[in-house]
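The values are calculated or read from the model by the stated rules, or taken from the named source; none is laboratory data. Please read all numbers here as calculations on a predicted model, not as lab measurements. Heads up, the Cβs are rebuilt from the backbone with ideal geometry, glycines too, and the neighbour counts pull from every protein chain shown. Side chains included, ligands, DNA and RNA excluded: accessible areas come from the protein's heavy atoms. Shrake-Rupley method; radii C 1.70, N 1.55, O 1.52, S 1.80 Å.
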Amino acid sequence: MSTTPARAARSAAGVLAASLVLLPLTACSIGTDTLSCSTSGCTVTLSGDQAQVDVLGTSLSFGGVQDGRASLGVAGVTVSCAEGETVAAGSLSLTCTSVQADAVEVTASLG
């Protein structure tokens with residue numbers, strides 16, 4: 001069975017389009033805690049001492065909670081945020097959606 005150049009080009013275009021649609025959903029890779037992604041960003045829950053995950057190509061780690069502020073390591077830089085607060089860290093915008101004594105839920109997006 002012979003494949004025509006036009007048919008091969010259509011197949012390649014379909015594979016490319018599918019990968020572009022799925023890319024935002026696979027741009028997060030799980031580390032030690034829960035992680036879910038959508039087309040607008042990723043939400044991760046980090047708990048325990050030095051929990052770490054890669055989110056949108058950036059390493060994110062949990063350093064604990066003190067005085068209601070979660071300490072986060074983002075690509076080697078430490079930032080902190082309180083529940084509901086948004087901080088910029090490198091290429092990420094992070095919103096601490098929940099801060100508990102031993103865990104933090106963070107929504108991350110590019111920009």
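Of note:
- Summed over segment 71-83, the residues that are open to solvent by 60 Å² or more (accessible area, probe 1.4 Å) and assigned to a strand (DSSP E or B) give a count of 2.
- Which numbered condition Val99 fails, given (1) under 17 Å from Ser36 (Cα atoms); (2) crowded, with 19+ Cβ neighbours inside 10 Å: (1)
- Contacts under 6 angstrom Cβ, first residue in segment 40-66 being touching a residue at least 60 places away in the same chain (Cβ under 8 Å) and under 10 Å from Ala108 (Cβ atoms), partner among the small types (Gly, Ala, Ser) and open to solvent by 10 Å² or more (accessible area, probe 1.4 Å), 6 or more apart: Gly41/Ser109; Thr43/Ser36
- Restricting segment 33-70 to residues that are surrounded by 15 or more Cβ atoms within 10 Å (Cβ to Cβ) and among the β-branched types (Val, Ile, Thr), the residue that is farthest from the chain's Cα centre (by Cα): Val65
- As for segment 13-29, it holds no residue that is loosely packed, with under 15 Cβ neighbours inside 10 Å, among the small types (Gly, Ala, Ser) and at pLDDT 90 or above.
- Ala108 being assigned to a strand (DSSP E or B) and open to solvent by less than 40 Å² (accessible area, probe 1.4 Å): yes
- All of (1) open to solvent by less than 30 Å² (accessible area, probe 1.4 Å); (2) under 20 Å from Ser38 (Cα atoms) hold for Thr86 with one exception: (1).
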